1. Please give the per residue volume of the convex hull enclosing the alpha carbon atoms of segment 90-235, rounded to a whole number of Å³.
2. Return the distance in nm (one decimal) between the two label points of a simple spin-label model at VAL277 and LYS170, each offset 7 Å from Cα along Cα→Cβ.
3. So how far apart, in nm, are the two label points at ASP381 and GLN129 if each is 7 Å from Cα heading toward Cβ?
4. For segment 198-345, build the convex hull from the C-alpha positions and give me its volume per residue in Å³.
5. Could you compute the FRET efficiency for GLN334 and ALA364, with r as their C-beta to C-beta distance and R0 at 51 Å, rounded to 0.05?
6. Antiparallel versus total DSSP beta bridges in segment 187-268: what percent is that, nearest 5?
7. What's the center-to-center distance, using Cα atoms, between segment 94-158 and segment 199-221 in Å?
8. If I stretch the segment between THR214 and CYS342 completely, what's the gain in nm (0.36 nm per residue apart, minus their alpha carbon distance), one decimal?
Amino acid sequence: MSVLWIGGYESATKLDATLVVKQGSTTTQNSPSDQSDVDRGKRPKLDSSPDFSRSPTDVSSTTSVTVSMDKSPQKDERGGHSDYDAALNLLRSNPPEQRLDFHLPYSQYLKLEECWSKIRMARNISEDQKYPYLAYDSATVIATVVTLPRALHERAAVELTPMILDSAKKYLYSHGADASLVRSIGAAGSTTFNGVYRSYSRSKKQADGTVLYTPFGGLSKVMIAIEVGYSQDYTALCRNKDQWVEGQLVKVCVLVYLDESPRFRNPRTLNESVGDVSAEMEEMGRSMAESVIRDYSRGYYGSIEYRGHKWVGDLNEAFIEVWRANKRQPIRYQLLQNAWSCNRLPKTIGLKVSDFVPDEDFKAANIPDSSLSFDAILYVDILGRSMQATAQQRYLEFISP
């Protein structure tokens, strides 16, 4: 088994307790370490810490703040550091699995973006580095900082995009589509796009996945955007969707919602040093294997424990929603409920071949429209494997010096 090393250009730092953070922190609390396990050599002896869960319909509270560009931290009305300073802290440190949404006037967002650009330049951080990133929703006047995600979030988007692309291209080829038409359809990954229409003209957004249509010699257009919410509140995920459907006029926005319950918390105890990290990760892999294989074979995607601590909670719910520009409600395709795989997994997620091509070009191609097939069994299996990788990432970060 290979050891999974954690990305990010700096280690996580503790944040002020007043921060409005949307995803679970992996910061270890300062409490005395237990004695080593004599039988196993120096190993972390862990105790559990309180976990919490959140409903998909919970709405996060945000506070509008006034900020300055002074070097000293600004205080908000509650006496804590401002959300602006919290955003800079997250951008500098890039702690895993955190998201900060807060109200910020556009003029102040530009200053925040300028400050972040200076930090990147000073630290020689490449523009190609995906995380952390800064986004802005001009319709709701909300700035967002997103930091390094885990494997479960990343693969949910990275694997979905080629699955739907392959399905569309196979259909087009099988119906005699011109090769130039098929070549015009491609993925753009997590490219950042600026808003164009309506109140989103000042928005800046990076989707978790996008499908572009780029005709030879023509301009690229986003046809399909994919947004993944990993224990992110559902309302915020829908705000992301609005930026694409209303701000970019995409044909379809696909939302993937994943709910880990209970949410992950690091153990209360500080980790003790581990002599051979690679050997310890091998031991974790062997320990997980039996229970994971047993659970997944019966369609159960429950928590993953090691040394008495949950490194991943139950994947309590997973669904895909397809939002269309001309529809007020989405179509939802349920994958997991109460950590169990649904008895009848969908064979399509409602995407049509015409969703990948502008209307005038699709009409000119004279190809019959059709819903595209989707291998939900494979996709759920990918989610399960990503749970294992996420557990390994979290544990490796905990024991690493």
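All of the numbers you see were taken from the coordinates with simple rules; none came from a lab. Keep in mind the model is a prediction, meaning the values are calculated, not measured. Neighbour counts run over all protein chains shown; Cβ positions are idealised from the backbone, glycine included.
1. Measuring per residue, one finds 140 Å³ for the Cα hull of segment 90-235.
2. Going from the VAL277 label point to the LYS170 one covers 4.1 nm.
3. About 3.6 nm separates the two model spin labels.
4. 207 Å³
5. 0.85
6. Roughly 55 percent of the beta bridges in segment 187-268 run antiparallel, per DSSP.
7. 18 Å
8. Full-extension gain reported as 42.4 nm.
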